[in-house]
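Below is one structure; the comments refer to it alone.
The values are calculated or read from the model by the stated rules, or taken from the named source; none is laboratory data. Just so it is clear, the model here is predicted, and its values are computed rather than measured. As a convention, Cβ positions derive from the backbone with ideal geometry for all residues, glycine included, and neighbour counts pool all protein chains shown. Just so you know, the surface numbers come from the protein's heavy atoms only, side chains and all, with ligands and any DNA or RNA stripped out. Shrake-Rupley method; radii C 1.70, N 1.55, O 1.52, S 1.80 Å.
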Amino acid sequence: MSRVNLYLCFFIFLPTVLFAQNKISGKVTDGRKRGLSGVNVSLKGSYDGATTMADGSFSFTTSAKGDQILSASMLGYQSLELKIKADSSQQLMIVMKNVTNALKVVTITAGSFEASDDKKGNAVLKPLDIVTTAGAGADIANAIKTLPGAQQTNDREGLFVRGGTGYETQVLIDGMLVRNPFQSSLPAIPGRGRFSPFLFKGTTFSSGGYSAQYGQGLSSALVLESIDLPQRSSSSIGLSLIGASAGIDNLTKDKKTSYGVEADYTNLSPYFQVAKPQRTPDLGPESFGTSLNFRRKTSSTGMLKFYGYGNWSKMGFSNNSLEYPDYIESNQVRNQNIYTNMTYRENIAHGWRLYLGASFSSNTDKIKSDTLFKVPVGSLIKVRSDLTQARVMFTKDIGRLSSLRFGGEYQYAVERSSFNQLNANYADNYTAGFAEADIYFSPRFVGRAGGRAEYSSVLGKMNLAPRASLAYKLNEISQFSVAYGDYYQKPEPQYIRFDHGLGYMKATHYIATFQRISTSYTFRTEVFYKKYTDLVKTVPNYNNNGNGYAQGLEIFWRDKRTFKDVDYWISYSYLDTKRDFLNYPMRVQPDFAANHTASLVFKRFFQKLMTNVGVTYSFASGRPYYNPNLPADKFMSEKTINYHALGVSASYLTTIRKAFTVFVLSVSNVPNNKQVYGYNYSRDGLRRNEIVPLAPRFVYVGMFMNFGIDRRQDVIDNL
């Protein structure tokens, strides 16, 4: 999904204040008549609301009249909805029940950051957090990079987590693997994530120790759960300096079915004519995308969902050749991507729940690399990846809290590639089975034990991966967790194409976590150790003799209450990692890993100005790079300069007739800090150039309008 369409989603969820005539006031107490502070009270389907004071009192004005639904919600208490007369001056008295069991029940948290509508106690990043994070560009992966564990690898696509490569992180939507979650890239020009954060109601970023339900990720998993039904029908349009977008989402009258379609077009050529990039554009950058969705509530507990996505893009840049200084080097890529996903969930009988999923995706890259006027024919590369998959899972509740999950999945992958006239193709039948149980020894003490078995036909090998976790709740807001697990992954396709005798790569995780989550703040710290074995080596020939380790400490702090209308978080990661893989002559710190990374994210809403302002600062210590002029024992011994990035965003909210409208301004790398990701050397080692961002600073300006959608309660809950 393009930057245009993501910012279109952005304004839908931002807060606004409407002129009001009627006053609604009252008090919220618990069962013992004690006032409750921090309760979100609002009119359903409206921005109008307030947060209760220290004594539980609240007051706000509204233009609504007649019968309305007043909602009250707070972590640890059962949410309420009351029918009231908006134009009545009565003083409301609301009593909320304490859900003691929910607060006292421990959940597995080692290695995972989780945010969803159903588990607000573990909420870290919601869709609104992602799109309002300055510098992230409304991209899920870029926002995740502000959390501990993720590296600031902005010169290559993917999430690099705890010493792992981008390939070692898997992305799943509703339990189904996404084979190409990022747009196609060129050297040092990474592709953005394809999907809007507002497609999803839940986001789980597991930096290690994740469930046996999922596999084929040595380092981490980003598990995304799509929304069910929208609140109401809506339509939207967006215009910016780099493109346009439009969408419609329709909810049927019985509120059991919805369907929608969306399209966006992006063209960066005019922008690059004004703001010159580091390389000369010779193809695009240009893209067109479209998506459609269908959702059907089949019963009180059943849900059928379909999502389809298509994108066509082209991008190419040229620059002075490092190898041949008097010539021009050109790299171009044309991409076609299709992704479909259909899932069905239903409660069957006697505490059993059923999940079924199916997906098909296809990705084609046509890559042209040429040294212009130097060689008669350049390099022509075509790569096509098709993936068909199916998945089934059964869940059985055992007693009041415990549960059992088991199921299986099948994937049929076809990889086709050609380099000029040389073809290298293969197909793989991958099957897996898993079983896992959450066993509550008490409401405060839970254990999770399970395992996963996998078989790949192209490798001709099977693996068995045991996994286990324990968690103990110290009090209502604090808990301690530990996790262990084995994780296997097939080598990357470019290696399997030429050697089917390779085996699985393996990583073993050990994790310990302490966290405190209250209505006001989140604190989390984690230590981990990860052991790599059977990594792919490419010298002297393809083999699985590689190995390595990663260990470190991570800290996360988020505060939403100390300062009025301010939300901020701070994250820090220390990483000690070394690996011997690919053509490395020894075990060293890889070129994608920094020892220290940190982020500060700050957001404030100025109600009088109707403006949201966000600031994000990111830091990473220098990364190793290869200097061919040094002796072998100094391999990867030099490091780049430290990385600094400061992004700022502002959005002005207003209404134009009946359309909620937002004007957006976003600037990345405001101080224009020099950012160097590494160096490229000529073959003789006499010349080198810096690997730097394509555009040192990017400025985005847009205007977006929406008709009909109303997600105001989400905004109120996020203030």
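Residue order by solvent-accessible surface for Thr655, Thr661, Thr525 is Thr655, Thr525, Thr661, largest first, with ligands and nucleic acids left out and a 1.4 Å probe.
Compared with the alpha-carbon gap, the fully stretched path from Val414 to Ile69 is longer by 118.9 nm at 0.36 nm per residue.
Would you calculate the volume per residue, in Å³, of the smallest convex hull containing every Cα atom of the stretch 336-441?
It is 128 Å³ per residue.
Using heavy atoms of the protein chains and a probe of 1.4 Å, the accessible area assigned to Trp557 is about 80 Å². The C-alpha atoms of the chain define a longest principal axis, and helix 3-12 lies at about 10 degrees to it. Judged by the gyration tensor of its Cα atoms, with axes a ≥ b ≥ c, the stretch 214-294 is oblate; a/c meets the 1.5 cut and b/c is at least as large as a/b. The Cα-based radius of gyration of the chain, divided by its Kirkwood radius, gives an Rg/Rh of 0.96. At a Förster radius of 25 Å, what calculated FRET efficiency corresponds to the Cβ-Cβ distance of Ala468 and Leu553, to the nearest 0.05? Plugging the Cβ-Cβ distance into 1/(1 + (r/R0)^6) gives 0.65. Among the listed pairs Lys201/Lys490; Lys461/Lys506; Lys145/Lys305; Lys126/Lys603; Lys639/Lys674; Lys85/Lys658, which are separated by more than 21 Å between their Cα atoms? In this structure, Lys201/Lys490; Lys145/Lys305; Lys85/Lys658 lie more than 21 Å apart at Cα. Restricting the stretch 236-334 to trypsin sites (Lys or Arg not before Pro) that sit in a DSSP loop and have at most 14 other Cβ atoms within 10 Å of their own Cβ leaves Lys253, Lys255, Lys256. Spacing of the modelled spin labels on Asn689 and Lys85, each 7 Å from Cα toward Cβ, amounts to 7.5 nm. Taking the stretch 684-703 and a reference point 7 angstrom along Cα→Cβ of Asn583, the backbone N atoms nearer than 13 Å belong to 684-685.
At the residue level, Val613 shows approximately 50 square angstrom of accessible surface with a 1.4 angstrom probe and all protein chains present.
Per-residue 3J(HN,Hα) values for the stretch 303-318, derived from phi via the Karplus relation 6.51 cos²θ - 1.76 cosθ + 1.60 with θ = phi - 60°, read 8, 10, 9, 10, 9, x, 9, x, 8, 10, 9, 8, 7, x, 9, 10 Hz in sequence order (x marks Gly and Pro).
Our estimate of slack between Ile398 and Ala424, defined as 0.36 nm per intervening residue step minus the Cα-Cα distance, is 4.4 nm.
Applying the Karplus relation 6.51 cos²θ - 1.76 cosθ + 1.60 with θ = phi - 60° to the stretch 335-348 yields 3J(HN,Hα) values of 10, 10, 9, 10, 9, 10, 8, 10, 9, 9, 10, 7, 7, 9 Hz, where x marks Gly and Pro. Neighbours of Val613, meaning other residues whose beta-carbon lies under 11 angstrom from its beta-carbon, give a summed charge of +1 when Lys and Arg score +1 and Asp and Glu score -1.
Projecting the Cα atoms of Phe394, Tyr495, Tyr430 onto the charge dipole of the stretch 388-508, computed from C-beta unit charges around the Cα centre, puts Phe394 farthest toward the positive end. Which FRET efficiency value, to the nearest 0.05, do you get for Ala437 and Met303 by plugging their Cβ-Cβ distance into 1/(1 + (r/R0)^6) with R0 = 25 Å? Plugging the Cβ-Cβ distance into 1/(1 + (r/R0)^6) gives 0.50.
When Val662, Val539 are compared by accessible area of protein heavy atoms, the largest-first order is Val539, Val662, using a 1.4 Å probe. A crude spin-label estimate for the pair Phe563 and Lys44, with each label 7 Å from Cα along the Cβ direction, gives 3.6 nm. With Cα atoms defining each centre, the stretch 619-693 and the stretch 314-328 are spaced 20 Å apart in the structure. Solvent-accessible surface (1.4 Å probe) assigned to Met315 amounts to roughly 30 Å².
What net charge is computed for the residues neighbouring Tyr549, neighbours being all others with C-beta under 11 Å from the C-beta of Tyr549, Lys and Arg scored +1, Asp and Glu -1?
+4
In this label model, Asn545 and Lys201 are separated by 5.3 nm, measuring between points 7 Å along each Cα→Cβ vector.
At a Förster distance of 45 Å, what's the computed FRET efficiency of Thr61 paired with Phe445, Cβ-Cβ distance as r, to 0.05? About 0.40, to the nearest 0.05.
The C-alpha radius of gyration of the stretch 145-293, expressed as a fraction of 2.2 N^0.38 Å, stands at 1.23.
In a fully extended conformation the segment linking Leu380 and Thr654 would gain 93.6 nm over its present Cα-Cα distance, using 0.36 nm per residue. Count Lys and Arg as plus one, Asp and Glu as minus one, and take only other residues whose Cβ is under 9 Å from that of Thr343; the net charge is then +2. Putting +1 on Lys and Arg Cβ atoms and -1 on Asp and Glu Cβ atoms, find which of Trp312, Ala275, Thr257 reaches farthest to the positive end of the dipole of the stretch 224-326. About the Cα centre, the residue reaching furthest to the positive side is Thr257.
The average projected area of the stretch 292-339, computed from the convex hull of its Cα atoms over all directions, is 5.1 nm². For the stretch 126-147 versus the stretch 391-464, the spacing of their alpha-carbon centroids is 29 Å.
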